[in-house]
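Inspection log for the structure reproduced underneath, given as structure tokens.
The values are calculated or read from the model by the stated rules, or taken from the named source; none is laboratory data. Being a predicted model, the structure only gives us computed values, none of them experimental. Using ideal geometry, Cβ is built from the backbone for each residue, glycine included, and neighbour counts are taken over all protein chains shown.
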Amino acid sequence: MSLSGKRVVVVGGTSGIGLSTAKAFLNESAQVIIASQSASKLSEAKSTLEGKTTQEPTTSSTCKGA
């Protein structure tokens, strides 16, 4: 199954099952967006996922609750 052209959001995708899910979606050619409250964990996840795709992984700043 190819997810090429599809966009997927993984909440809590910086470790554990979420990170494994992000890897699986990348393997199916999806564009993966990971959400996390921790900028440092996002950076670690980006490093882990680099090389898993031809797309350059990107991170964004976190948004804390009001």
| Qualifying residues in the range 30-66 (those that are charged (D, E, K, R) and at pLDDT below 85) - the one surrounded by the fewest Cβ atoms within 10 Å (Cβ to Cβ) | K64
| query | Among all residue pairs at least 6 apart or on different chains, which show Cβ distances below 7 Å where the first residue, located in the range 7-29, is surrounded by 12 or more Cβ atoms within 10 Å (Cβ to Cβ) and the second is assigned to a loop (DSSP other than H, G, I, E, B) and aliphatic (A, V, I, L, M)? | reply | V8/A30; F25/L3; E28/M1; E28/L3; S29/L3
| note | Within the range 13-35, residues part of a loop (DSSP other than H, G, I, E, B) and either β-branched (V, I, T) or farther than 10 Å from S2 by Cα (or both) come out as G13, T14, S15
